[in-house]
Amino acid sequence: MKGYAMLKIGEAGWIEKERPACGPMDAICTPLAVAICTSDVHTLWEGAIGERHNMILGHECCAEVVEVGSLVKDFKPGDRVLVPAITPDWNSLEAQAGYAMHSNGMLAGWKFSNFKDGVFSEYFHVNDADGNLALLPDGVDPVDACIMSDMVPTGFHGAELADVQFGDSVLVVGIGPVGLMSVAGASLRGAGRIMAVGTRPVCVEAAKAYGATDIISYKDGAIDEQVLALTNGKGVDKVIIAGGDNDTFGTAVKCLKPGGKIGSVNYLGSGDNVAIPRVEWGVGMGHKEIIGGLMPGGRLRMEKLVSLVTSGKLDLHREVTHVFDGWDHIEEALLLMKNKAADLIKPVVSIKK
Ligand code: NAP
Ligand code: ZN
């Protein structure tokens, strides 16, 4: 089979590989559509997960099942499926403890294009098919369904980690495709005022459509000063971090009321430490919680989250700004994501109608 692979840090191309074998609980799938993620950019060009040779890239797709193992009960060849980016080992102790994303090691639920070949390939392997796949509901376009792999479960996890409650004032730092889903998630959880930080006009418009009430540009001065000015010096109840860098944690602490919570889904690519401002953290006694997490994967979450789409409460299509037709365009789509064009939210490559 053919796959689009990371040859080494900074270099990618098409390679030939053996089609993966299907274990008794597994499935082999073929993509209907694939999406490019900022994480692919971090992996390929920034060496975020270290050196990888001839590893097929990609972890966001919608697919068709072509083979299932003898113990798989709920899926069969021909089924169209949602595929979460995180595919935990559901019988691990970490999963039993409630942290399936860290099954068998920290962050190890992230297998595609990390510990094994990813989905930019004619065929790919899914472990624990009954626990990780979900049927694609009728009426959901496979192109839009790619947004279900990572953007929805990750962005919404930001809202979960920040523990957004009815009427909360929420600051969402970053309104790329992940942060936009944090805005949507916060809104669906009942947030009142939602302040969103970003500058790309297409993202700003989408943020307003998903529920942002105020837009803040990090280019117009310190974010915390702008938030405090907008809130009469009081700050917000919750902060979701889906963009920025290590310093964003300090900013978030400064924006937060005592008792507030910060939920981060941002990837921190450099630096050894994250600095927390001592005074604004209540000299250690401000009850300001900080938690960062990899999104939970798995079938139940996919089924629940996609019900928001089928019931008309969540519009996936607004996230998809660029659709390409066929594998030949994968490199173009990847470069588009690397360069973050002004009109870009998310590029998707449609493979099979
Ligand atoms: P993205 O498209 O690059 O969006 C980043 C956002 O942050 C943009 O809105 C950008 O504003 C804003 N930003 C940039 N610099 C900033 C600064 N200094 N202060 C505040 N905001 C700033 O990224 P994405 O695809 O949405 O992904 C967001 C993050 O989530 C990435 O780090 C990605 O690796 C991570 N991620 C995590 C998980 C997980 O499971 N935890 C899964 C997938 C992705 P502009 O409008 O100016 O561009
Ligand atoms: Zn992703």
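Quick note: the coordinates plus some simple rules give every number you see, no bench work behind them. Quick caveat: nothing in here was measured; it's all calculated off a predicted structure. For neighbour counting, all protein chains shown are included, and Cβ atoms are generated from backbone atoms with ideal geometry for every residue, glycine included.
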Scanning region 31-62 for residues that are more than 18 Å from the chain's Cα centre (by Cα) and of a type in the set (A, V, I, L, M, F, W, C), the one nearest to Met337 (Cα to Cα) turns out to be Trp45
Scanning region 157-200 for residues that are touching a Lys or Arg at 6+ places or on another chain (Cβ under 6 Å) and within 15 Å of Thr231 (Cβ to Cβ), the one farthest from ligand 1 (Cβ to nearest atom) turns out to be Asp168
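Filter region 95-107 for residues that are surrounded by fewer than 19 Cβ atoms within 10 Å (Cβ to Cβ) and away from ligand 2 (no atom under 16 Å from the Cβ) and give the result.
Start the filter on region 95-107 by keeping residues that are surrounded by fewer than 19 Cβ atoms within 10 Å (Cβ to Cβ), which leaves 96-99, 104-107.
Across region 95-107, the qualifying residues are Gln96, Ala97, Gly98, Tyr99, Asn104, Gly105, Met106.
Yes or no: Val126 more than 16 Å from Leu300 (Cα to Cα) and either touching a strand residue (DSSP E or B) at 6+ places or on another chain (Cβ under 6 Å) or of a type outside the set (D, E, K, R) (or both)?
no
Are any of the residues in region 8-26 within 14 Å of ligand 2 (Cβ to nearest atom) and either part of a loop (DSSP other than H, G, I, E, B) or closer than 30 Å to Leu161 by Cα (or both)? Give the derivation first.
Within region 8-26, the first condition is being within 14 Å of ligand 2 (Cβ to nearest atom), and the residues that meet it are none.
No, region 8-26 contains no residue that is within 14 Å of ligand 2 (Cβ to nearest atom) and either part of a loop (DSSP other than H, G, I, E, B) or closer than 30 Å to Leu161 by Cα (or both).
Test Ala5 against the criterion of being within 16 Å of ligand 2 (Cβ to nearest atom), under 21 Å from Glu331 (Cβ atoms) and touching a residue at least 24 places away in the same chain (Cβ under 8 Å), and give yes or no.
Details: within 16 Å of ligand 2 (Cβ to nearest atom): no; under 21 Å from Glu331 (Cβ atoms): yes; touching a residue at least 24 places away in the same chain (Cβ under 8 Å): yes.
No: the conditions fail for Ala5.
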Among the residues of region 1-27, the number that are under 25 Å from the mean Cα position of the chain (by Cα), among the small types (Gly, Ala, Ser) and surrounded by fewer than 14 Cβ atoms within 10 Å (Cβ to Cβ) is 2
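Hey, among the residues in region 28-49 that are within 16 Å of ligand 2 (Cβ to nearest atom) and assigned to a loop (DSSP other than H, G, I, E, B), which one's nearest to Ser121 (Cα to Cα)?
Our first condition is that a residue be within 16 Å of ligand 2 (Cβ to nearest atom); within region 28-49, this holds for 31, 33-46, 48-49.
Okay, now just the ones that are also assigned to a loop (DSSP other than H, G, I, E, B), so 36-37, 48-49.
Numbers: Ile36: 13, Cys37: 15, Ala48: 21, Ile49: 20 Å.
Within region 28-49, the match that is nearest to Ser121 (Cα to Cα) is Ile36.
Conditions tested, residue by residue: (1) exposed (fewer than 13 other Cβ atoms within 10 Å of the Cβ); (2) under 22 Å from the mean Cα position of the chain (by Cα).
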site	(1), (2)
Ala275	yes, no
Met285	yes, no
Gly293	no, yes
Arg301	no, yes
Lys304	yes, yes
Val309	no, yes
Asp315	no, yes
Glu319	no, yes
Asp328	yes, no
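Mind listing whichever residues of region 40-63 are of a type in the set (A, V, I, L, M, F, W, C) and more than 16 Å from Lys111 (Cα to Cα)? Spell out how you get there, then give the answer.
From region 40-63, those of a type in the set (A, V, I, L, M, F, W, C) are 41, 44-45, 48-49, 55-57, 61-63; that's our starting set.
Hits for region 40-63 are Val41, Trp45, Cys62, Ala63.
Every residue, every condition in (1) more than 13 Å from ligand 1 (Cβ to nearest atom); (2) part of a loop (DSSP other than H, G, I, E, B), yes or no:
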{"position": "Glu51", "(1), (2)": "yes, yes"}
{"position": "Gly58", "(1), (2)": "no, yes"}
{"position": "Ser70", "(1), (2)": "yes, yes"}
{"position": "Pro88", "(1), (2)": "no, yes"}
{"position": "Met101", "(1), (2)": "no, no"}
{"position": "Leu107", "(1), (2)": "no, yes"}
Only unsatisfied item for Lys238, checking (1) buried (at least 16 other Cβ atoms within 10 Å of the Cβ); (2) assigned to a helix (DSSP H, G or I), is (2)
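For region 248-266, give me each residue that is within 12 Å of ligand 1 (Cβ to nearest atom) and either surrounded by fewer than 21 Cβ atoms within 10 Å (Cβ to Cβ) or not in a strand (DSSP E or B) (or both). Working first, answer last.
Within region 248-266, the first condition is being within 12 Å of ligand 1 (Cβ to nearest atom), and the residues that meet it are 248-252, 255, 263-266.
Selection gives Thr248, Phe249, Gly250, Thr251, Ala252, Cys255, Val265, Asn266.
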Filtering region 205-225 for residues that are within 12 Å of Val172 (Cα to Cα) and of a type in the set (A, V, I, L, M, F, W, C) leaves a count of 5
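Evaluate the following for Lys352: is it surrounded by fewer than 18 Cβ atoms within 10 Å (Cβ to Cβ), in contact (Cβ under 8 Å) with a residue 12 or more places away in the chain and among the basic types (Lys, Arg)? Working first, answer last.
Values: surrounded by fewer than 18 Cβ atoms within 10 Å (Cβ to Cβ): yes; in contact (Cβ under 8 Å) with a residue 12 or more places away in the chain: yes; among the basic types (Lys, Arg): yes.
Spelling it out, Lys352 is indeed surrounded by fewer than 18 Cβ atoms within 10 Å (Cβ to Cβ), in contact (Cβ under 8 Å) with a residue 12 or more places away in the chain and among the basic types (Lys, Arg).
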Checked region 276-304 for anything out of contact with any helix residue (DSSP H, G or I) (no Cβ under 8 Å at 6 or more places or on another chain) and farther than 30 Å from Asp224 by Cα; matches are Leu300, Glu303, Lys304
